[in-house]
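Below is one structure, written out as structure tokens; the observations come after it.
The values are calculated or read from the model by the stated rules, or taken from the named source; none is laboratory data. What you see is a predicted model, and the numbers here were worked out from it, not measured in a lab. Counting neighbours? That spans all protein chains shown, and the Cβs are built from the backbone with ideal geometry, glycine included. Note: areas computed on protein heavy atoms with side chains; ligands, DNA, RNA excluded. Shrake-Rupley method; radii C 1.70, N 1.55, O 1.52, S 1.80 Å.
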Amino acid sequence: MNQSAQLPPQLSTFAPDVDWMYLFLFWVSVASFVAIVGVMVYFVFRYRRRPGVDAVPTGHGNTALEIAWTFLPLILLVFLFHEGFRVYVQESVAPQNTVDIHVRGMQWNWEFTHSNGVQEFNQAKIPVHTPVRMIMSSSDVLHSFYVPDFRIKRDVVPGMYSTLWFEATELSTPEHPVRVFCAEYCGAARGGTNGAEPNTNHSTMMADLHIIPQADYATFLREGGGPPAECTGAADDVSVCWGQHIYEQNGCRACHGVDGATQAPGPNWKGLFGHDVALEGGASVTADEAYIRQSILEPQAQIVHGFGNINMPPYHLRDQEIDAVIAYMRSLDQ
Amino acid sequence: MTVEAEAAIHADPHHIPADADYLTYERGWKSWLTTVDHKRIGVMYLISILLAFFAGGVFALILRTELLTPGRTIMEADTYNEMFTLHGAIMVFLFIIPSIPAAIGNFVLPIMLGAKDVAFPKLNLASLYIYWVGAIFTLVAITQGHIDTGWTFYTPYSTRADNSAIWMTIGVFILGFSSILTGLNFIATVHTMRGPGMHWRRLPLFIWGTYATAVIQVLATPVLAITLALLAMEKIVGVGVFDPALGGDPVLFQHFFWFYSHPAVYIMILPGMAIVNEVIATFSRRKIFGYMFIAMSSVALALLGFLVWGHHMFVSGQSEYATMVFSALTFLVAIPSGVKIFNWLATLYQGSISLESPMLYSLAFIALFTIGGLTGLFLGTLSTDIHLHDTYFVVAHFHYVMVGGTVFGFLSGLHYWWPKITGRLYDERWARVAFSLVFIGFNVTFLSQFVLGSRGMPRRYYSYLDQFQPLHMTSSGGAYVLGVGFLVMAVMFAKSLKSGEKAGRNPWGSAGYEWQTSPRPHPHNFAEQPVFTRGPYDYHLASERELFTGTDAEWDTHVAKKAEA
């Protein structure tokens, strides 16, 4: 089925089947609409009120006609049901030997965990021409994992796993990744955030899928998880650069400033590391490595005074990643 | 006044002169607040729902203004979320659900039956008071609680922060209670208060539609109370029902919600269809084709409405088998809907059709409801629904059904019965200008949203990708035209109230019974109990007097002229 201007690009194996059905329905609808409204307009014109011409009394109707237009549409409806269900079954039953990726939805980020334990935030590498299964759950409210280019959607529900699968048919470029949207309303941060900023509310809870060659994904699964390729130079610089990368990719910036000024919604990172901070409940603690690590993995354990109503979700970073974030945090004060 | 007449008044304290009319027979706000006259209660409902419609419409225009640009246009994301919650909740619970049954139905139904009032007049007034209490309760709950959950208030988002969702559910339940009472009242009235000769096969189709609606109201609304009880138990006692943190299931809430709210969709659309029957018959001068099939299709829609709630949840994580069954049942809804459309077209055939504003709205109903119904096929078909679910395609679809259907039906009825309610005519030219603006504005607003949805624009989005901006701007432009159309209509009706020409008893020349009372009906509807000897659409059996469109004085002149000739 050719690409239609009404629909997004066809980038999964499901897309042609779904689009065929969409366009079939579209033309059936156009034909039905033209027929119904055409007949209506014709009758309104043909039987317009004229002096001396009375309406012909309806009489007792026509049972054969009634039965015909009650049951004939059933043929079309049964066909629609069958075709729609056929594709739905394919979408529901994943093949054997899929590449599995765990997805966690949280206000307003997507966390992807690959089988090698490497996590990506609001972006994920996906091998092309490979059945990929998303095993999804939510750490807060309902979300819905929606990829228009793949024609797939599934709610992401706290307290249970939902799955979907797809097979991407084309490589993507870094400039044009395949976009994931959240399709189940999940709210917004209260007060004063710019709603156009990435990952601050339901409408900007997006992620990018980078469709890469199978061989590249295999390499990534074997060796992946280090700093991104653009971080070069001395070991310290790589660490800081990686930390900044994590800060930007994981949506930390939505709440934490790094300019030392704004303290909302979360504490600013500049001037934080190594200083004493007052906690909710009156105690105080030094913001050292141990405290930063705990605040990432268990944000609710020791909350800085004044931020008790902020519900930061835990971020399951690996130790090297946490070290990089701390290196970045320290670099802010130099 | 003669001595006999005066004596009669003293003998019967409830005697009302034959030339009294319901609006002026008693005066003062107290007489309105304590009235048990179904017509006055209908008028008070009408004013209330029009206020709600105005408020909901203003919120809609604010939303469309915000959506002119991606990112911030006039407000922040959290304010936007509160606004669409207000728009949805007000339009659904305060406007559409009570619009036709409680306002127009209250006014017309007993007159059509030849009854003096509904079966339980005091209960009828009580349901209006309950509506007011529920409306205030709901609005206070939403605005004070800053509820930003959308009108569906899905858990766990709605129950995470505080108890405001419970307050809102209580408000909605109070409103539902008002619906239940109105529904009960109508069922009892139709069963027990039909005038002599008004047997079931003669019932105007408006009554059949309203009756089917009443049955749904009585059966579906209690589910809302159960949901409320469970929500309250969870929040207050900590019994895990919907909250996964307590071992509950958030998808269960969606089942409860749609088990009420899907039948509520039919509470909204059936009365609109019911009005179209009356208007098409009157302006074609012809009995509705397939009377019994139309009546039974309303009952079929009412029953099917209870069996398809799961089609809102195809991607929610409900079982694949449930999804299959709900998809199949959903397609069945197309059958009775199609039967109605085909019978309406057959009624036009060989009719004598005139195109006054009520007829324009009813014909527009047929065209727009057809679009609403056909796009429903995209959403009932599983493969396409997975792509289109929770996108603008759904938004456009249900606005075609709820606005193109119910609101156009409501406007058709409002224009149609306006002379009976107010005793005055309105300026038909301005009515047509308003119709054109509303029709064009509506289609521009929502046709563009179908394309937005099929291209992958999810709903309830404060911000969006740049590529969607042209279509969003088109949609907003249409919304402004729609707003101007309603403004013109409001001025047109206001002028009619102030200085409109006095209407005759039957300005449209209808064979319907409600047109045989005086221009503004008697407080007891008919000064004398009518006896029905023909059906409400039997134009060939109606007398010239019954179909005469002028005032009573004009009739006398007409008779005198005829005698001369």
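Send over a whole-number figure in Å² for the accessible area per residue of chain B, probe 1.4 Å. Please list the in-between numbers first.
Details: 19590 Å² over 565 residues.
Here the per-residue accessible area is 35 Å².
First check a/c for the protein assembly as shown, with a ≥ b ≥ c the square roots of the eigenvalues of its C-alpha gyration tensor; if it is under 1.5, answer rounded, and if not, answer prolate when a/b is larger than b/c or oblate otherwise.
Numbers: a/c = 2.62, a/b = 1.93, b/c = 1.36.
It is prolate, given that a/c is not under 1.5 and a/b is the larger ratio.
Mind putting a number on the dipole of segment A:235-331 about its Cα centre? Charges go on the C-beta only, +1 for Lys and Arg and -1 for Asp and Glu, and I need it in Debye to the nearest 20. Walk me through the intermediate numbers first.
Values: 5 positive and 12 negative charges, 48 e Å.
With Lys and Arg at +1 and Asp and Glu at -1, about 220 debye.
Please work through the protein assembly as shown and write down the cysteines that have no neighbouring cysteine Cβ at a distance under 4.7 Å.
By the Cβ distance rule, which asks for a partner under 4.7 Å, the isolated cysteines are A:182, A:186, A:252, A:255.
Between residue B:237 and residue B:136, 0.36 nm times their residue separation minus their Cα-Cα distance comes to what? Mind dumping the intermediate values first?
Numbers: separation 101, 0.36 × 101 = 36.36 nm, distance 2.72 nm.
In short, 33.6 nm is gained.
For chain A, what does the helix formula give at 222 nm: sum of -39500 (n - 2.57) over DSSP H segments with n ≥ 4, over the residue count, nearest 500 deg cm²/dmol? Please list the in-between numbers first.
Working: 6 runs with 109 residues, N = 334.
Calculated mean residue ellipticity at 222 nm is -11000 deg cm²/dmol.
Per-residue HN-Hα couplings for segment B:478-487, Karplus 6.51 cos²θ - 1.76 cosθ + 1.60 at θ = phi - 60°, whole Hz, x for Gly and Pro?
Taking θ as phi minus 60°, the curve returns x, 4, 5, 4, 4, x, 4, x, 5, 5 Hz for segment B:478-487.
So for segment A:15-92, taking the charge dipole from beta-carbon charges (+1 Lys/Arg, -1 Asp/Glu), which of A:61, A:73, A:35 sits furthest toward the positive end?
Value computed over the given set: A:61.
Rank these residues by their accessible area, most exposed first, probe 1.4 Å: B:555, B:29. Write out the running numbers ahead of the final one.
On the way: B:555 45, B:29 180 Å².
Largest accessible area first, the list is B:29, B:555.
Length gain on complete extension for the stretch residue A:48 to residue A:171, per 0.36 nm per residue less the alpha carbon to alpha carbon distance? Provide the component values of the computation, followed by the final result.
Numbers: separation 123, 0.36 × 123 = 44.28 nm, distance 6.05 nm.
That works out to 38.2 nm of additional length.
For a paramagnetic label modelled at 7 Å from the Cα of residue A:288 toward its Cβ, which residues of segment A:256-276 fall within the zone defined by backbone nitrogen distances under 12 Å?
Of the residues in segment A:256-276, A:274-276 have backbone N under 12 Å from the label point off residue A:288.
How much accessible area does residue A:92 have with a 1.4 Å probe, in Å² rounded to the nearest 10?
40 Å²
Placing unit charges on C-beta atoms (Lys and Arg positive, Asp and Glu negative, everything else neutral), compute the dipole magnitude of the protein assembly as shown about its Cα centre in debye, rounded to 20.
Details: 52 positive and 69 negative charges, 759 e Å.
Using only the charged Cβ atoms, the result is roughly 3640 debye.
Compute from the Cα atoms of segment A:249-334 the Rg and the Dmax, the latter being the longest Cα-Cα distance, and quote both in angstrom.
12.0, 33
Regarding segment B:506-565, what is the average projected area of its C-alpha convex hull, in nm²?
Working: hull surface 18.7 nm².
Seen from a random direction, the Cα hull of segment B:506-565 projects 4.7 nm² on average.
List the relative contact order of segment B:381-487 as a percent without decimals, with contacts defined as Cα pairs under 8 Å and 6+ residues apart. Provide the component values of the computation, followed by the final result.
Working: 102 pairs, mean separation 43.9, N = 107.
Worked out over segment B:381-487, it gives 41 percent.
Amide H neighbours of residue A:110 under 5 Å, at least 5 residues apart or on other chains, H built in the peptide plane: list them.
Under 5 Å from the amide H of residue A:110 lie the amide H atoms of A:122, each far enough along the sequence or on another chain.
Give the shape of segment A:99-223 as rounded, prolate or oblate, defined through the alpha-carbon gyration tensor: a ≥ b ≥ c are the square roots of its eigenvalues, a/c under 1.5 means rounded, and otherwise the shape is prolate if a/b is larger than b/c and oblate if not.
Values: a/c = 1.85, a/b = 1.56, b/c = 1.19.
It comes out prolate by the Cα gyration axes.
Quick one: accessible surface of residue B:249, probe radius 1.4 Å, all protein chains present, in square angstrom to the nearest 10.
70 Å²
For the charge dipole of segment A:99-223, defined by +1 on Lys and Arg C-beta atoms and -1 on Asp and Glu C-beta atoms about the Cα centroid, which residue among A:119, A:188, A:206 has the Cα displaced farthest towards the positive pole?
A:188
Expressed as an acute angle from 0 to 90° and rounded to the nearest 10, what is the orientation of the C-alpha long axis of helix B:291-304 relative to the principal long axis of chain B?
Value to nearest ten degrees: 30.
So which of B:116/B:420; B:340/B:420; B:30/B:116; B:116/B:287; B:39/B:122 end up more than 18 Å apart by C-alpha? List each step's numbers first, then the result.
Details: B:116/B:420 16 Å; B:340/B:420 27 Å; B:30/B:116 22 Å; B:116/B:287 26 Å; B:39/B:122 13 Å.
The answer is B:340/B:420; B:30/B:116; B:116/B:287.
Under 14 Å Cα to Cα from residue A:270, which aspartates and glutamates show up? Leave out anything in the same chain fewer than 8 places away.
Within the straight-line limit of under 14 Å, residue A:270 reaches these aspartates and glutamates: A:259, A:288, A:333.
Hey, what does the equivalent ellipsoid look like for segment A:15-92, semi-axes from the Cα gyration tensor as sqrt of 5 times each eigenvalue, largest first, whole Å? Mind dumping the intermediate values first?
Values: eigenvalues 306, 60, 6 Å².
In descending order the semi-axes read 39, 17, 5 Å.
Which Cα, out of A:290, A:331, A:258, lies furthest along the positive dipole direction of segment A:235-331 (beta carbon charges, K/R +1, D/E -1)?
The residue sitting most towards the positive pole is A:258.
Tell me, what ³J(HN,Hα) does each residue in segment A:251-267 have, in order and in whole Hz, if you take phi through Karplus 6.51 cos²θ - 1.76 cosθ + 1.60 with θ = phi - 60° and put x for Gly and Pro?
Karplus values, whole Hz, x for Gly and Pro: x, 4, 5, 4, 10, 10, x, 10, 9, x, 9, 5, 10, 9, x, x, x.
Rounded to the nearest 10 degrees, what's the angle between the helix B:205-232 long axis and the longest principal axis of chain B, both from Cα atoms, 0 to 90?
Helix B:205-232 sits at roughly 40 degrees to that axis.
Helix B:250-284: angle to the longest alpha-carbon principal axis of chain B, degrees 0 to 90, nearest 10?
30 degrees
Could you estimate the translational diffusion coefficient of chain B from the Stokes-Einstein equation, with Rh from the Kirkwood formula over C-alpha pairs, at 10 °C and 1.306 mPa s, in whole µm²/s?
Values: Rh = 24.7 Å.
Using the Kirkwood radius from Cα pairs, D works out to 64 µm²/s.
Report, to two decimal places, the Cα Rg of segment B:421-496 normalised by 2.2 N^0.38 Å (N = number of residues). Walk me through the intermediate numbers first.
Working: Rg = 16.4 Å, N = 76, 2.2 N^0.38 = 11.4 Å.
Ratio of Rg to 2.2 N^0.38 Å for segment B:421-496: 1.44.
Would segment A:33-77 count as rounded, prolate or oblate if I go by the C-alpha gyration tensor, calling it rounded below 1.5 in a/c and otherwise prolate when a/b exceeds b/c, oblate otherwise? Kindly include the intermediate steps, with their values, before the conclusion.
On the way: a/c = 7.09, a/b = 1.59, b/c = 4.45.
It is oblate, given that a/c is not under 1.5 and a/b is not larger than b/c.
Would you kindly state how much longer the chain becomes between residue A:90 and residue A:31 on full extension, computed as 0.36 nm times their sequence separation minus their alpha carbon distance, in nm to one decimal?
Numbers: separation 59, 0.36 × 59 = 21.24 nm, distance 2.94 nm.
Residue separation times 0.36 nm, minus the Cα-Cα distance, leaves 18.3 nm.
If you place +1 on the Cβ of every Lys and Arg and -1 on the Cβ of every Asp and Glu, how big does the dipole about the Cα centre of segment B:450-565 come out, in debye to the nearest 20?
Values: 12 positive and 11 negative charges, 121 e Å.
I would put it at about 580 debye.
Just to verify a number: what accessible area does residue B:45 come out at with the full protein assembly present, 1.4 Å probe, Å² rounded to tens?
Here the accessible area works out near 0 Å².
R0 = 25 Å: FRET efficiency of residue B:529 with residue B:24, Cβ-based, nearest 0.05? Let's see the in-between values first.
Working: r = 23 Å, r/R0 = 0.91.
E between residue B:529 and residue B:24, to the nearest 0.05, is 0.65.
Only helices at least 24 Å long along their axis, Cα-based, and averaging 0.0 or more on Kyte-Doolittle count here, so list those DSSP H runs from chain A. Walk me through the numbers on the way to the answer.
On the way: long enough: A:15-46 (45 Å, 1.54); A:63-92 (43 Å, 1.04).
For chain A, where a helix must reach 24 Å along its axis and average at least 0.0, the hits are A:15-46, A:63-92.
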